[in-house]
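All remarks here apply to the structure that follows.
The values are calculated or read from the model by the stated rules, or taken from the named source; none is laboratory data. Being a predicted model, the structure only gives us computed values, none of them experimental. Cβ atoms come from the backbone with ideal geometry, glycine included; neighbour counts cover every protein chain shown.
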Amino acid sequence: MATKQSHRLARWMMAPSVFVLLIWMIVPLALTIWFAFQRYRLTNPNIKGFAGFANFEFFVTDPAFWPAIINTLLIVVGVLVITVGLGILLALMLDQPIWGQGIVRILMISPFFVMPPVAAVVWKHELMNPTWGVFAAVSRFFGQEPVNWLGNYPLLSIIVIVAWQWLPFATLILLTAMQSLSEEQKEAAEMDGANVFRRFWYIILPHLARAITVVILIQTIYLLGVYAEIQITTGGGPGFASTNLPFLIYNTGVLGGNIGAGAAGGLVAVVLANIVAIFLMRAVGRNLDA
Amino acid sequence: MARAVSTRRKLTMTILVWLVALIVFFPILYTIITSLKTEGEAAAGFSMIPSFTFESYAAVLDQQDYLRPFFNSVVISIGSTIVALLIAVPAAWAMAFTPTPKTRDVLMWMLSTKMMPAAGVLVPMYLIFLNTGLLDTLLGLSIILTLVNLPIVVWMLYTYFKEIPVDILEAARMDGATLGKELVYVLLPMAVPGIASTLLLNVILAWNEAFWTLRLSTDDAAPLTAFIASFSSPQGQFLAKLSAASVLAILPILLLGWFSQKQLVRGLTFGAVK
């Protein structure tokens, strides 16, 4: 069936996608590299020419640089730990026979469909606000002083908000994987006298390895780029306490008008993403081979 | 006896799971409740009982500046999805039905374009948009959303198309079907559900995209993501109106999402988890 002619047709059918993605991959990255070595200010067209590594120096010596790198990684790790940990727990619970499973699933998956700006404003103004927020009301109920979450624990607050958005995704995928584990296997283990924890450790968890890997890989792609939540809740502060790399790049390159330094920061982000990717593929990638 | 125990266990689990589900859902629930309060009630502090007024919805919908971002969101999410499908369907089709040894590599390469951090290419994209007049236009935002989501669309379609049995084609051919008839009567009906799910998921992703839409729009083309983001600092009595605007912004997508949760798993995991 696969004749030469049909293969030629297939190539033509693939051409638009390949072409579009090739351009999307090469052009912006090439321009980023180019600008990173140029003097280029949005506000002053007279500044131009080859900059050597000055832009990198400028970006890397920014007092916000190291905080931004550390915060970026903390957000990734923090959200992954919360979502994978709680996700496994919730998936285990949802896998039990209960009444109203359909509605429960709908309730639990909902945060994933909430656009980040809405999640951010709702958590900021309605939950975490120290005066009229829900958390403040809970604190007062227990006779405690309300906590100024975003003021005193900005990064932790952002991690919680982002984790809330991604928890449904992790739960849903882990649940789907859990449900593909055959009942017979679980029952056989039960009959052999394996207790709940042994069953979880030796049967369920290994079965989930692939799904956990997928969750980690996909979430990491998005978590490295968390942006809207920070802009809306804390604006990166106080100080640089919740500034991450995408936020710093925008501030430097576009708001600050220093295109060269912004581009240099962009390359730092690309390198960081690659380091994380290599690290992840080493750590969990082998689960994908099967 | 075993039954009785399991019923009790089921009841306990039911209560526990419902409790957890309500906690997870609470921020959305509370937003809905707040949207039904008056501004005075909303500012008064925590309360689960609103006066069920729709005045905040009326106030939000009365303002022209809500309807435009809503319209913008509709245009860019549906527009970018349709363009992405037009480009991706032939590609996914070709890879699923005439696979070559390189097909897998091409797919992986497409996926790898998602690994590029958006912040890494923000600066040149901003300049390109600035210099071509695409900044703050619906066309510009549609283009960028198409590019961002194209790899996911190709992958998702590919996993669906791959499941269409090729044998059925041969059967149809034996029955004397021409190539055109094959396509229209045999393949297309089987491909439609996959295309529909892909469309649904991509509209959701595009609607909620909040990096490029925030950064490459300022005013005219600003979609709901940017509109809601403008509420980042408190402005007078605004909680109820903010809640109403938020509910209006997420409701269409929540409904779509509830219908497509099964497809969501395979779509977002590129078929790696089924």
(Q) Between a residue in region B:92-108 that is closer than 16 Å to A:LEU21 by Cβ and in the same structural domain as B:LEU169 (by TED's automatic domain parsing) and any residue that is assigned to a helix (DSSP H, G or I) and β-branched (Val, Ile, Thr), which pairs come within a Cβ distance under 6 Å, given they are 6 or more apart or on different chains? (A) B:ALA92/B:VAL154; B:MET95/B:THR103
Q.
Just to confirm my filter: which helices (runs of 4 or more DSSP H) fall fully inside region B:221-274 and include at least 3 residues that are under 19 Å from A:THR171 (Cα atoms) and at pLDDT 70 or above?
A. B:239-259, B:261-268
Q.
I'd like the full set of residues that are touching a residue at least 24 places away in the same chain (Cβ under 8 Å), over 14 Å from A:ALA269 (Cβ atoms) and not small (Gly, Ala, Ser), limited to region A:63-79.
A. A:PRO63, A:PRO67, A:LEU74, A:VAL79
Q: Determine which single condition B:VAL24 fails, assuming it passes every other condition in (1) of a type in the set (Val, Ile, Thr); (2) more than 22 Å from A:LEU90 (Cα to Cα); (3) buried (at least 18 other Cβ atoms within 10 Å of the Cβ).
A: (2)
Q) Just checking, which of A:THR171, A:THR243, A:THR252 is part of a loop (DSSP other than H, G, I, E, B), polar (S, T, N, Q) and crowded, with 21+ Cβ neighbours inside 10 Å? A) A:THR243
(Q) Kindly evaluate A:VAL81 against the criterion of being at pLDDT 90 or above, in a helix (DSSP H, G or I) and either more than 30 Å from A:LYS186 (Cα to Cα) or of a type in the set (Ser, Thr, Tyr) (or both). (A) no
Q: Of the conditions (1) more than 7 Å from chain B (Cβ to nearest Cβ); (2) farther than 17 Å from B:LEU251 by Cα, A:ILE103 clears all except one; give me its number.
A: (2)
(Q) Return the pair list, or none, for Cβ contacts closer than 9 Å from residues in region B:204-219 that are within 7 Å of another protein chain (Cβ to nearest Cβ) and under 18 Å from A:ILE230 (Cα atoms) to residues that are buried (at least 24 other Cβ atoms within 10 Å of the Cβ) and of a type in the set (D, E, K, R), at least 6 apart or on different chains. (A) B:ALA210/A:GLU229
Q: Just name the residue that is nearest to A:MET108 (Cα to Cα) out of those in region A:178-201 that are free of Cβ contacts under 8 Å to residues at least 60 places away in the same chain, in contact with a helix residue (DSSP H, G or I) (Cβ under 6 Å, 6 or more places away or on another chain) and part of a helix (DSSP H, G or I).
A: A:ARG199
Q) In region A:14-62, what residues are in contact (Cβ under 8 Å) with a residue 24 or more places away in the chain and under 30 Å from B:THR100 (Cα atoms)? A) A:LEU29
Q: Name the single residue, out of those in region A:232-245 being facing chain B (nearest Cβ under 10 Å) and touching a residue at least 60 places away in the same chain (Cβ under 8 Å), that is nearest to A:GLY266 (Cα to Cα).
A: A:LEU245
**Q.** Selection status of A:LEU90, assigned to a helix (DSSP H, G or I), farther than 19 Å from B:TYR126 by Cα and more than 14 Å from every other protein chain (Cβ to nearest Cβ)
**A.** no
Q | Matching residues, region A:101-159, being under 25 Å from B:LEU264 (Cα atoms), out of contact with any Ser or Thr (no Cβ under 6 Å at 6 or more places or on another chain) and assigned to a loop (DSSP other than H, G, I, E, B) | A | A:VAL114
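Each row is one residue, and each column tells you yes or no for (1) of a type in the set (Ser, Thr, Tyr); (2) under 22 Å from B:PHE129 (Cα atoms); (3) touching a Lys or Arg at 6+ places or on another chain (Cβ under 8 Å).
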position: A:GLU229; (1), (2), (3): no, no, no
position: A:GLY239; (1), (2), (3): no, no, no
position: A:ASN244; (1), (2), (3): no, no, no
position: A:LEU248; (1), (2), (3): no, yes, no
position: A:VAL254; (1), (2), (3): no, yes, yes
position: A:GLY265; (1), (2), (3): no, yes, no
position: A:VAL276; (1), (2), (3): no, no, no
position: A:ARG282; (1), (2), (3): no, no, no
Q. Looking at (1) touching a helix residue (DSSP H, G or I) at 6+ places or on another chain (Cβ under 7 Å); (2) surrounded by fewer than 23 Cβ atoms within 10 Å (Cβ to Cβ); (3) closer than 27 Å to A:MET128 by Cα, which is the one condition that is false for B:PRO223?
A. (2)
Q | Within region A:114-148, tally of residues that are acidic (Asp, Glu) and either buried (at least 17 other Cβ atoms within 10 Å of the Cβ) or facing chain B (nearest Cβ under 9 Å) (or both) | A | 1
